[in-house]
Amino acid sequence: MGTVTAIGARTKVAGLALAGVEVHVAENPEAIRRIWRELAPTVSMVIVTAEAAEILRAEPTAATEAGPSRPLMVVMPR
């Protein structure tokens with residue numbers, strides 16, 4: 001079983017650490033893209049804020065390509 005990770009603004013993802021989620025605070029587009037690119041291969045699910053999802057989907061190869069080696073991305077509601 002892989003790791004669950006969260007990416008987004010501190011106010012929206014910090015509480016997930018209490019449930020054992022590996023939290024990555026990213027307050028700007030560059031940080032969001034960098035964290036996504038540097039995800040460990042053991043990450044099986046990524047919880048992202050709606051804002052982070054929009055940024056990642058704008059990248060043609062970031063989160064738009066499905067595949068067996070890509071983690072499942074779950075988008076938090078606004």
What spacing in nm lies between the two simple spin-label points modelled at residue 39 and residue 3, each 7 Å away from Cα in the Cβ direction?
1.2
Counting Lys and Arg as +1 and Asp and Glu as -1, each charge on the Cβ, what is the dipole of the chain about the Cα centre in debye, to the nearest 20?
100
Identify the GluC sites (Glu not before Pro) of the range 1-50 meeting these criteria: DSSP loop state and at most 10 other C-beta atoms within 10 Å of the C-beta.
38
Would you calculate, for the chain, the mean residue ellipticity at 222 nm contributed by helices, counting each DSSP H stretch of 4 or more residues as -39,500 (n - 2.57) and dividing by all residues, to the nearest 500?
-7000 deg cm²/dmol
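Coordinate-derived values only; no laboratory data. Source: prediction; values computed, not measured. As a convention, Cβ positions derive from the backbone with ideal geometry for all residues, glycine included, and neighbour counts pool all protein chains shown.
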